[in-house]
1. Rounded to the nearest 500, what is the 222 nm mean residue ellipticity of the chain from helices alone, with -39500 (n - 2.57) per DSSP H run of 4+ residues and division by all residues?
2. With a point put 7 Å past each Cα toward its Cβ, work out how far Glu366 is from Ala225 in nm, to one decimal.
3. Can you find, among Ala219, Ala264, Ala286, the residue farthest towards the positive end of the dipole of the range 210-290? Put +1 on the C-beta of Lys and Arg, -1 on that of Asp and Glu.
4. By its C-alpha gyration tensor, with a ≥ b ≥ c as the square roots of the eigenvalues, how is the range 182-296 shaped: rounded for a/c under 1.5, else prolate for a/b larger than b/c, else oblate?
5. At a 1.4 Å probe radius, carbon and sulfur cover how many percent of the accessible area of the range 287-328?
6. With a Förster radius of 35 Å, plug the Cβ-Cβ distance of Trp149 and Thr303 into 1/(1 + (r/R0)^6) and report the FRET value to the nearest 0.05.
7. From the mean inverse distance of alpha carbon pairs (Kirkwood) and the Cα radius of gyration, derive Rg over Rh for the chain.
8. Suppose every K and R has +1 on its Cβ and every D and E has -1 on its Cβ; what is the size of the dipole of the range 542-588 about the Cα centre, in Debye to the nearest 20?
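The values are calculated or read from the model by the stated rules, or taken from the named source; none is laboratory data. Bear in mind that the values here come from a model prediction, so they are computed numbers and not experimental data. FYI the Cβ positions are ideal-geometry reconstructions off the backbone, even for glycines, and counts take in every protein chain you see. Heavy atoms of the whole protein, side chains included, go into the accessibility calculation; ligands, DNA and RNA do not. Shrake-Rupley method; radii C 1.70, N 1.55, O 1.52, S 1.80 Å.
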Amino acid sequence: MMQPVDLAIVIAYFVAIIGFGAYAARRSRGVRDFFLGGQRFAWWFVAFSCVATVVGSYSFVKYSAAGFRYGLSSSQTYLNDWFWMPLWMFGWLPLVYYARITSVPEYFRKRFSPAVRLVAMLLLLVYLVGYLGINFLTMGRALEALAGWPLLMAAGLAALICGVYTSHGGQTAVIFTDLAQGILLIVAGLGLFLAGLWVVGGPLAFYDALTPLQRQPLAAFNTPADFNFVGIFWQDGMAGGIAFYFMNQGILLRFLSARSVEHARKAATAVLLLLMPLAAIAVSGAGWIGRAMVAQGTLPPDTPASAIFVTVANQVLPVGFFGLVVAALIAALMSTADTLINAIATILVIDLWRPLQGARKTIITERREMRAARVASAGATIVGFALVPLFASFGSIYRAHGTFTAAITPPLAVALVFAFCWKRVSTRSVMLIMLGGTAIIAASFAFPGLIAPFAHGIDLEAGSKSYSYIRALFGLVACSGLGILGTLLWPERRDIPGVLTLGPILEKMIAFKGRGAPRRGRAPKQRLEVLQVADGFLGTSTDERTLLGLSPETAARLDVEDGDLVSIHEAHWFRGGYQNLNGRCVLTDAAPHEVQVPREALRLLRL
């Protein structure tokens, strides 16, 4: 269906993304940059880059099909996240930020033991690597259908591009490219919907073309089996919400890249209240327009739902704009894949490579750790691509994804929420949740009758399928029951640091700062006409922050003391903190209008 001009736009998109990744990679000079982007980005930068991750591997195709079949209720999945956001924003987010936790398994080690971390790491890696394979399969299917390329060649090309810029630039490259891709997704998706409204005669004509059931904002309670309110609520709103925000390593790294907890909360609020509703329209709009076109007779009633996104795009968009929409579809696929690659590399380095080096008493240098991170990224890309033929055998990408998430998500998600919300949860009880919960969910595939009491009247079709929405509720109940039972039998007997569990934020802020009480409220700023940067050879602190040398006079104007956290902000806000530099104050003999930075950081400021 693609014309030469459309293909040229898609190729130009690939070139631009590689260029963006290469440009951003120049700022990735150390492990802190590779995993956390230097924790320097503004809230809006993080929020828009999150959209590209939220709009996942098959969102346009999947939700356009749901919108075509069921109407406006297809947006329910994208509007479910608010259930868990208060606990995430005021509980989990400040906990991991102030405790300097980089990975989910690292939290389990600090909270429990290395054995618990190992189990959590294995479960999370299986989930992330499998999810990456599904993304590469989806990219291959999309390019196979749109450009006529063979499946493995198309998936391999997409994997190569994602692997190159992610392995080279890490989280900094991922955030930078996903910012561009997130904007492209919103613009292309909303543009397609608005063009469709024009074709069908405007908003009123569009609304009149839908049936009363298709105008409903929520699906029917328990029918049909593959799309109903109660199933979507438990699968996406509850189990999926916990998994996406609490245990999804890629999302964790994205919000940890913000310059402060305040900026991370602003980013989450923008995603929840503004960008997610826009994303819901962007991914479902083609299906809604297709249903209106069928009612008006401009599309045949037997148009396949699975093809409605491409069909509507061809009908309502001129040549050239269709290529832009195809580029947006590919952006949705690649932006999820690059996040997964970086997340897998983070876990492999933080929770596997570092402990192995420590056991061998090997000195860990910045250069060796960066090399390990890049090798891990490349390895994750190769393994994910190798899984493409396996997942292709499922016949349905939807079923492959569903089978995977239903089996892996509930045990780890419940274990994580129990661990940071309940101090009495012990090592034995959390192991019971993860291992016992996985075993029980695995048993439900062999004996689907186990799910029947939780089905809310949904027809589970005699277990002939490997996935159903309501298995999420079964998994949550089973894992929660095991957690309560295990905690009552083996309660935690030791004192748990407040920084690792839900509680007052002041204690966590003191631990983060490392000395003295934190300063509450907005930090003062020092505006200088000229900021001269001197090569101070100061190195880095024990928490891997750059040491910044300030004169006592400048420190007094900023109201900071030796050891306090300070940030050099560039004047151009629209770069979103890309050239900011965070560090710890060191009192030196610097001039009043001068800050001293280490040699390796000097060339990154570009002031």
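1. Roughly -18500 deg cm²/dmol at 222 nm, from the helical runs in the chain.
2. About 5.8 nm, to one decimal.
3. Selected residue: Ala264.
4. oblate
5. Carbon with sulfur: 63 percent of the solvent-accessible area.
6. So, using R0 = 35 Å, E works out to roughly 0.90.
7. Answer for the chain: 0.98.
8. So the dipole magnitude of the range 542-588 works out to roughly 220 debye.
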